[in-house]
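Colleague: The structure follows.
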Amino acid sequence: MSIKVLKFGGSSLADAAQFQKVASIIHADPERRYVVPSAPGKRFSGDRKVTDMLYACYDAIQGGASFAESFADIRERYFDIIRELSLDFDFDALIPDLEKGFAEPDARDFAASRGEFLNGQLLAAYLGIPFVDAADVIFFRPDGRLDEERTYPAVAEIAKKYERAVIPGFYGRAADGRVRTFSRGGSDITGSIVARGVGADLYENWTDVSGFFTADPRIVTNPRVIETISFNELRELSYMGSVVLHEDAVFPVRTVGIPINIKNTNAPEDAGTIIVDASIAPVRAGRVTGIAGKRGFSIITIEKDMMNSEVGFTRRVLSVLEKHNISYEHLPTGIDTLGIVVRTELIEKISETLVKEIYEAAAPDTIEIVPNIALLAVVGRGMVRSKGIAARLLTAIAGADINIRMIDQGSSEMNIIVGVDEADFERAMRGIYVEFFIQ
Ligand code: ASP
């Protein structure tokens, strides 16, 4: 029988009604065997995620507040679920260990991880299947990266021992033996690791949207959902601001070719988005897969006569950025100009120093920093070797009466990135969407 690993996000497990949906999704398919839950998320807009409550609780205790008082709201969240599901679960029996853990030095990660730990126990009890603590199967190396040699065999053991299990997301065990979390949203990564470790055929990532959208739904009304996307395209779109999945979540499954299916807990019949390896993703020539974009960039524009024949010029300029630990996003060049696109937040406090040091290092004629740039990425494997995409893109932007500040086509031809003034960002995205998806 093939194996499916399911990760449920915080909104999918925010309250008892959501738990019921999750259980019926799992029961609908016997191949759905290993389940990775997040901590309870927001039940309504303005509500708090349990993970945020745990961080606040930890800070309050550090500031001298009592555990019982600071933890009371969190306890209540779990008790609501227990009561409404009529679960036979002794939550208070877990309190002494929690209190002890919170009191240890540097227990911030431990505190945050309890959201998933407790939700995992509740879900396992509700489903009537074993609970496996992620700290016993997911291990980090001393440098903080995943210890693959220890983790994958330990996860594989779960599949040998149990036909079904719940493994909480978001955390594992550090090299020093303590609990350590991934970055925020990291249950997606746990799901991917578990999928690879148990040798799954599919990793279903259940959330509150029916997949990846072709454009940002906050900007474009009802954008279409992407049916199939390759890992590379997804990486480009996520990097540029399309957030459904944690950007590190693709790596564990990608190397072994396990597809990810983004699904909606509140509309399980929707097909969602399938993320597959580029080699098996169907290509439709001339088609764009999706559009994403972000504000908050600056272009450092550097001019120098005869720059093109000055060997080492770019290296000298970039060495200044390297010294300040600034990574750049794009490097559009002209004959005598060099543009460096960087995130504004990385340079705004040191822009004068940067300008001075670039003058010293490379003696350019002028340097200008242009802030308030937004980047838009048009991504698609169907763009490769297809004529006319760039023309349509630029025409769409011109049609919206928008000036383009920068253009960059990756040499893979799978993406074209344009920079526009932040004030034009939303109009540009709508214009591009209409050109590629409406007509
Ligand atoms: N609960 C954690 C967070 O809120 C991890 C996750 O949900 O993936 O970031």
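Readers should treat all values here as calculations from the given coordinates under stated rules, not as data from a laboratory. Because the structure is a prediction, the values reported are computed rather than measured. Please note: Cβ atoms are built from the backbone with ideal geometry, for glycine as well, and neighbour counts cover all protein chains shown.
Colleague: Listed here are the pairs 42/263; 4/263; 263/294; 49/349; 304/356; 323/349; which of them are more than 22 Å apart at the Cα?
Modeller: The pairs that break the limit, which is 22 Å between Cα atoms, are 263/294; 49/349.
Colleague: Between the DSSP loop rule and a limit of at most 13 other Cβ atoms within 10 Å, which chymotrypsin sites (Phe, Trp or Tyr not before Pro) in the range 43-124 are left? List each step's numbers first, then the result.
Modeller: Details: sites: 44, 55, 58, 67, 71, 78, 79, 89, 91, 102, 110, 117; in loops: 44, 89.
Those that pass, being in a loop and sparsely packed, are 44.
Colleague: In nm², what is the average projected area of the convex hull enclosing the Cα atoms of the range 175-319? Don't skip to the end; give the middle numbers.
Modeller: Numbers: hull surface 57.6 nm².
If you wrap the Cα atoms of the range 175-319 in a convex hull and average its projections, you get 14.4 nm².
Colleague: Measuring from a point 7 Å past the Cα of residue 68 along Cα-to-C-beta, which residues in the range 86-116 have an amide N at less than 16 Å?
Modeller: Residues 92-100 qualify, since their backbone N sits under 16 Å from the label point.
Colleague: From the Cα trace of the range 1-49, what convex hull volume per residue do you get, rounded to a whole Å³? Provide the component values of the computation, followed by the final result.
Modeller: On the way: hull volume 2.7 nm³, N = 49.
In the range 1-49, the Cα convex hull volume per residue is 55 Å³.
Colleague: Right, something else. How many nm separate the modelled label positions at residue 95 and residue 392, each set 7 Å beyond the Cα in the direction of the Cβ?
Modeller: 6.2
Colleague: Mind sorting 330, 324 by how few other Cβ atoms lie within 10 Å of their own Cβ, fewest first?
Modeller: On the way: 330 17, 324 12.
Lowest to highest Cβ neighbour count: 324, 330.
Colleague: Just want the ordering: 393, 94, from fewest to most Cβ atoms lying within 10 Å of their own Cβ.
Modeller: Details: 393 25, 94 16.
Fewest to most other Cβ atoms nearby, the residues stand as 94, 393.
Colleague: Using only the Cα atoms of the range 389-439, what are the Rg and Dmax in Å?
Modeller: 10.5, 29
Colleague: How big is the C-alpha Rg of the range 1-157 next to the rule-of-thumb value 2.2 N^0.38 Å, as a ratio? Working shown, then result.
Modeller: Numbers: Rg = 16.4 Å, N = 157, 2.2 N^0.38 = 15.0 Å.
That works out to 1.09 for the range 1-157.
Colleague: So, one more: For the range 251-290, what is the Kirkwood hydrodynamic radius in Å, using each pair of distinct C-alpha atoms?
Modeller: On the way: mean 1/r = 0.0836 Å⁻¹.
By the Kirkwood definition, the hydrodynamic radius is 12.0 Å.
Colleague: Let me ask something else about it. Between helix 351-362 and the chain, what is the angle of the helix's C-alpha long axis to the longest principal axis, kept within 0 to 90° and rounded to the nearest 10?
Modeller: Computed tilt is about 50 degrees.
Colleague: How much length, in nm to one decimal, is gained on full extension between residue 143 and residue 266, taken as 0.36 nm per residue of separation minus their Cα-Cα distance? It would help to have the intermediate numbers written out before the result.
Modeller: Details: separation 123, 0.36 × 123 = 44.28 nm, distance 3.89 nm.
Contour length minus Cα-Cα distance gives 40.4 nm.
Colleague: Continuing with this model, one more query. Separation between the residue 21 and residue 160 pseudo-spin-labels, each 7 Å from Cα along Cα→Cβ, expressed in nm?
Modeller: 3.8
Colleague: Shifting gears a bit: Can you give me the relative contact order of the range 134-186 as a percent, contacts being Cα pairs under 8 Å and 6 or more apart? It would help to have the intermediate numbers written out before the result.
Modeller: Working: 70 pairs, mean separation 21.4, N = 53.
Once normalised by length, the contact order is 40 percent.
Colleague: Taking neighbour Cβ counts within 10 Å as the exposure measure, how do 434, 355, 22 sort from fewest upward?
Modeller: 434, 355, 22
Colleague: For the chain, what does -39500 (n - 2.57) per DSSP helix run (n ≥ 4), summed and divided by total residues, give at 222 nm, in deg cm²/dmol to the nearest 500? It would help to have the intermediate numbers written out before the result.
Modeller: Details: 14 runs with 158 residues, N = 439.
Theoretical 222 nm ellipticity from helices: -11000 deg cm²/dmol.
Colleague: Taking the chain as a Gaussian network, where each spring joins two C-alpha atoms under 10 Å apart, which residue of 261, 415, 222 fluctuates the most?
Modeller: Highest fluctuation among the options: 222.
Colleague: Translational D (Stokes-Einstein, µm²/s) of the range 100-212 at 20 °C and 1.002 mPa s when Rh comes from the Kirkwood sum over C-alpha pairs?
Modeller: Numbers: Rh = 14.6 Å.
Answer from the Stokes-Einstein relation: 147 µm²/s.
Colleague: Further question on the same structure: Can I get the semi-axes of the chain's equivalent ellipsoid? Compute them from the C-alpha gyration tensor as square roots of 5 times the eigenvalues, in angstrom, largest first.
Modeller: Values: eigenvalues 370, 146, 83 Å².
Computed over the chain, the values are 43, 27, 20 Å.
Colleague: Which percent of the Cα-Cα distances in the range 155-198 go past 15 Å?
Modeller: Result for the distance tail: 47 percent.
Colleague: If you average over every viewing direction, what projected area does the convex hull of the Cα atoms of the range 332-375 give, in nm²?
Modeller: Details: hull surface 13.9 nm².
In nm², the orientation-averaged hull projection of the range 332-375 is 3.5.
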